[in-house]
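What follows draws every value from the coordinates through simple rules; no lab data is involved. All figures in this text were calculated on a predicted structure; none of them were measured in a lab. Don't worry about glycine lacking a Cβ; one is built from the backbone with ideal geometry, like all the others, and counts go over all protein chains shown.
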Amino acid sequence: MKRSELIFNVLLVPIDFLMIMLAGILAYSLRFSGELSQLRPIVFDLPLSRFMEITFAVSPVFIISFALIGLYSLSNVRKLWKEIFQIMIGVSASFMVIIFIAFMQREMFSSRFIFFAAWFFAITTVVSGRVMIRIIQSWLAHKYKLGFHRLVLLGDNGIVKTVHREIKKNKILGYKVVRKLRDFRIEDLEKIFKDPGIDEIILCSTKVERERIHDLLDFCQEKNIDFKFVPDMFQAQAALFEMQTISDITFIEVKRTPLDGWGTVIKRIFDIVASFIGLIILSPFFAVMALIIKSDSAGPVFARLERISRGKKFRLYKFRSMIENAHEMKYDKEGNLNPEFAKYNEREEGPLFKMKDDPRITKVGKFIRKTRLDEFPQLINVLKGDISLVGPRPHEPEEVAQYKKHHKKLLTIKSGMTGMAQVSGSSNLDFEKEAKLDIYYIENWSLLLDLIILFKTFLTIIKGDKSAC
């Protein structure tokens, strides 16, 4: 799912909330309008301020109701008439809940007219808000190509033609078919990925060899491409993946991680709040560390290290624990490990490098690396969105270049300050076991799991556990 799509889906929540508030204002204004008040005199006292407090208090009921019936689902492209029908159900169910709450509290409605007018306006305003979002999304997609999915269709059957026809007919879907391939090779997809680009691949044939499908899945995971396929009868009944429909055709989307969709939003909000608070609390500590590091050795306070997260290069911040030009000493101009260092590498297998008594580490550096204090500046990267608080370890480009095919699953999500491997004695694990732990995290993510890992990391720092460095 593209970021723009996710943003528009997230925007539905505050817009629905505002539309419910607007419905309340319209209902109240209509009841207190001159014409209606003359026709039917007002015999109750309900100030606007009190009415708005009540409307604000009950609005979350509508949001919860909408969520329960799937109006915030990211999986399906809904037809407008179906969405309107869902909104009618959601609004009606919400008003029934409100009636029940009022009854249990032995409160009576001041005006039945306002109640029924609010029901009508809630439906019309919420529908209007969602139509507005659709129009803006469609306009941005066609004007600036924002949110357009560059789609490749694979197969030589009638399903390809049907999908293509439906996409051309329903531009609101936001797809642009860039290629239709009867047969495919990964080399061909590589070329298309470079130009004009691929955001999603739909495999329309059920007669592709299993090995080729595995290769296709590996390609999609490596390039962060959404992958869907048309299932056969057995797969459609037994699959545990997420299902979508276009016209009357059913697709199964292979999810890379539970983080796809709302999980990304929840994790990002948590990262922003936690990193912002952490940076404020730790600001005095940062000042003290700056003085200590500068007094110990020449060079900057922060080391800006080149790392990879989700397949993209970025600069990772750490308190400098090594002498200047440490990276240049480790690798030659071609990016190969310096033979003088290679012979001391404790990692017998895998792409990672570890050296017990690294001569590049400063005196202060030994202490802050042992206690993991050197990693606190990574909160800046978390706030910027380069990495997350929890995730796979961010590796150097030279190390990532040596990944085997199954290791590339580690690039599916953002890297993290800490992770399952780090709290499991990662320095004593070979790279293969470390990768398995991180892949398990990717496939089984939950906010609770993040909290558990952060708690274990905190205990590790308190104990000064060197094995977790």
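How much FRET efficiency would the formula 1/(1 + (r/R0)^6) give for ILE54 and TRP139, where r is the Cβ-Cβ distance and R0 is 35 Å, rounded to 0.05? Rounded to the nearest 0.05, the efficiency is 0.45.
The slack in the chain from MET96 to LEU449, taken as 0.36 nm per residue of separation less the alpha-carbon distance, amounts to 123.4 nm. The slack between LEU11 and ILE64, meaning 0.36 nm per residue of separation minus the straight C-alpha distance, is 17.6 nm. Would you give the gap between the C-alpha center of the stretch 360-395 and the C-alpha center of the stretch 120-178, rounded to a whole Å? That distance is 42 Å.
For the pair VAL288 and MET88 in one chain, pulling the backbone fully straight at 0.36 nm per residue adds 66.1 nm over the alpha carbon distance. Taking the Cα of LYS363, stepping 7 Å toward and past its beta carbon, and measuring to each backbone N in the stretch 280-319: which are under 16 Å? Counting backbone N atoms under 16 Å from the label point, the list is 291-299.
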